[in-house]
Amino acid sequence: MGYRFVTLDPSDDCPGSQVADQHIVAGYDDLEAARLLADTSDLITYEFENVDDAVVKILEEDAFLPQGGELLRVTRHRIREKRALVEAGVPTTPYRVVKNQEELLTGGKSLGFPCVLKTATGGYDGKGQWVFQSMAEAEAFTELEPDREYVLEQWVPFDKEISVIAARSILGEVAVFPPTWNIHHNQILHQSIVPAPVEDGILRHAEDLARQVAERLNVRGLIAVEMFLLPDGSLWVNELAPRPHNSGHYTLDACAVSQFEQQIRALSGLPLGSSRLLTPAVMVNILGEDVDRIREQMANFPPQVKVHWYGKRESRPRRKMGHLTVMGESAEATVRRLGWMKATDNEKRS
Ligand code: AMP
């Protein structure tokens, strides 16, 4: 797009830095580094929720941070996020705020079992989450930390998990990408399938909900809206992410404009690009444990498969190291043929 850019990250070799014009090695709470970033940049964007409040304040005051601090404050804290969704009139999973054992038990009693406890901050990919099948399990739970807040949610017997990425520009224009069906394995996103095999009316409803979130929460930039599709066809929003999202990586290969380009267009005041789907696609995550197998297979990939490696130096089990996009009408069959289909969390539960 013709821009030059500078990255800030604690690692000296993070993926973004490998293609940046300049890289600042610093923590997300380093005030001096934040001032340097502010001085160096015409426009700043984040793609990570856990940026320190004081850093955000500096970036908002001394530079142009069009996404703003408020959206970060809301989306990195599950309780604030739930409240914002409820205020915006968006359906979400019934929940209770929990700060101690007594609230856990009264919450469990009113929501019923199974239910799932999540830390209000800091959890991702299933970390900081506990499922209780019964009151006895909740009573036996001893891991509540005194100074933490939690949400207790009803367990949702969903049919599918889907997500929609919406972009809202600083001029108020909104565009949404096609909804994906997201399949998890061991609580990590395994595959995103697009178009999602769901009735048209439900897909339109999912897009409308994402648009509603973007507008009512005054989003600038991207917002990924994760939802549960219930057996009766209703949709409940589970989680928001104010940044490019793993379930939107398919847009790099399968849409007219990718989520990354859309983010930059939205924040720099350009007209939004077309989010039209050019081809059916399946995105498959490559985790640390998959790397060797994928490298061995790479020379024989069929031409409708594209591989993206993120350039992370250290590979660990469960770490996202890259992804594959399989394109075309037979994308799902290709994924099965190549042996990339893992048991889904839903299958394992039933
Ligand atoms: P989260 O960190 O909230 O996105 O949760 C991670 C994954 O756990 C989700 O993608 C779901 O597969 C599952 N999950 C989370 N909350 C619930 C719930 N209330 N009911 C059923 N499954 C859930």
> Please state the relative contact order of the stretch 133-240 as a whole percent: Cα pairs under 8 Å, 6+ residues apart?
Replying inline: 29 percent
>> Please report the spacing between the Cα centers of the stretch 297-350 and the stretch 72-121 in Å, no decimals.
In response: 33 Å
>> Could you give each residue of the stretch 199-211 its phi-based ³J(HN,Hα) in whole Hz, using Karplus coefficients 6.51, -1.76, 1.60 with θ = phi - 60°, and x for Gly or Pro?
In response: 3, 4, x, 6, 4, 5, 4, 4, 5, 5, 5, 5, 4
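Would you calculate, for the chain, the mean residue ellipticity at 222 nm contributed by helices, counting each DSSP H stretch of 4 or more residues as -39,500 (n - 2.57) and dividing by all residues, to the nearest 500?
Value at 222 nm, helices only, nearest 500: -8000 deg cm²/dmol.
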> So how strong a dipole does the stretch 211-275 carry about its Cα centre when Lys and Arg Cβ are +1 and Asp and Glu Cβ are -1, to the nearest 20 debye?
Replying inline: 280 debye
>> With the cut-off at 1.5 for a/c, could you classify the chain from its C-alpha gyration tensor as rounded, prolate or oblate?
In response: rounded
> From the Cα gyration tensor of the stretch 301-350, with a ≥ b ≥ c the square roots of its eigenvalues, which class applies: rounded if a/c is under 1.5, or else prolate if a/b is larger than b/c, or else oblate?
Replying inline: oblate
>> Given an 8 Å cut-off on Cα distances and at least 6 residues of separation, report the relative contact order of the stretch 202-350 as a percent.
In response: 17 percent
> Which one of 192, 11, 275 has the biggest mean-square fluctuation once the chain is modelled by GNM with Cα springs under 10 Å?
Replying inline: 11
>> Can you classify the stretch 89-179 as rounded, prolate or oblate using the Cα gyration tensor, where a ≥ b ≥ c are the square roots of its eigenvalues, rounded means a/c under 1.5, and otherwise it's prolate if a/b beats b/c and oblate if not?
In response: prolate
>> Cut-off is 10 Å between beta-carbons; in what order do 330, 163, 258 appear when sorted fewest neighbours first?
In response: 330, 258, 163
>> Please list, in order along the stretch 321-327, the HN-Hα scalar couplings obtained from phi with the Karplus expression 6.51 cos²θ - 1.76 cosθ + 1.60 (θ = phi - 60°), rounded to whole Hz, x for Gly and Pro.
In response: 9, x, 8, 10, 10, 9, 10
>> As a footprinting exposure proxy, order 250, 150, 3 by other Cβ within 10 Å, with the fewest listed first.
In response: 3, 150, 250
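Taken together, the values in this text are just the output of simple stated rules run on the coordinates, not laboratory data. For clarity, every value in this text was computed on a predicted model and none was experimentally measured. Counting neighbours? That spans all protein chains shown, and the Cβs are built from the backbone with ideal geometry, glycine included.
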